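The values are calculated or read from the model by the stated rules, or taken from the named source; none is laboratory data. A quick note: this is a predicted structure, and the numbers were derived from the prediction, not measured. Backbone-built Cβ (ideal geometry, glycine too); neighbour counts: all protein chains shown. To get the accessible areas, we keep the full protein, side chains included, count just its heavy atoms, and leave off ligands, DNA and RNA. Shrake-Rupley method; radii C 1.70, N 1.55, O 1.52, S 1.80 Å.
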Amino acid sequence: MITGRINKFKIILASNSPRRQQLLREAGINFEVAVLDYDESFPPGLTGSETAMYVAKQKASFFRNKVKAGEIVITADTIVWCNNKVLGKPSDARAAIDILNEISGNSHEVITAVVILSGDREASFYESTKVTFESMTDEEISYYVENFKPFDKAGAYGIQEWIGIIGCSRLEGSYFNVVGLPVHRLYTELGKFVESL
């Protein structure tokens, strides 16, 4: 079984996200968390997938040349790409409402890029999911922001929360990618990675 081969290594998840940690844990993978303060800025002019990959690789750069034998580091970045721009994490309630108004009655892409790093190898991939929201009222958007405070979430929402349940009408691709980690793909890619070591 792939999990057994993976768990022979010390897996380090470089992410503060409780959602990523939960998904990896539920996949049966043993890991430790490395908490670092990352700069998630990126150069202008990148596409959605390029943006996510740029930030994930920047996070990985903290660990290059520091990974010990028997260790594997995983970094990830999730972005929301709507109307040819990144909808980031809102700084306050007003920003969250503005972002959700842009998502309302519209489709967007959720893109997660992942980097897997060992002492002498590196692999990366990204997963994209198309998400469509029905039009939401100002009252619904305000209720969500006030009660769920989605300030740590790209695109100002959590698909698993109230607004996803009442607003999301169509999802094409991985649901777990929208939660924050394409864990099915990561499981497969980690299996290939450990086989190559």
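General remarks:
- Intensity falloff of region 121-186 expressed as log10 I(q)/I(0), Debye formula with alpha-carbon point scatterers, at q = 0.21, 0.27 Å⁻¹: -0.89, -1.26
- Restricting region 48-147 to trypsin sites (Lys or Arg not before Pro) that sit in a DSSP loop and have at most 15 other Cβ atoms within 10 Å of their own Cβ leaves 64, 66, 68, 121.
- For region 74-109 versus region 163-190, the gap between their alpha-carbon centres in whole angstrom: 16
- Share of alpha-carbon pairs per 5 Å distance bin for region 46-123, given as whole %: 3, 16, 21, 16, 14, 11, 8, 6, 4, 1
- Loop-located GluC sites (Glu not before Pro) in region 74-139, at most 14 other Cβ atoms within 10 Å (DSSP): 134
- Taking the empirical scaling 2.2 N^0.38 Å for compact globular proteins as reference, the chain has a Cα radius of gyration ratio of 1.05.
- Taken over the Cα atoms of region 1-81, the convex hull encloses 108 Å³ per residue.
- The chain, accessible surface, carbon-and-sulfur percent (1.4 angstrom probe): 49
- Probe 1.4 Å, protein heavy atoms only - accessible area per residue of region 1-89 in square angstrom: 53
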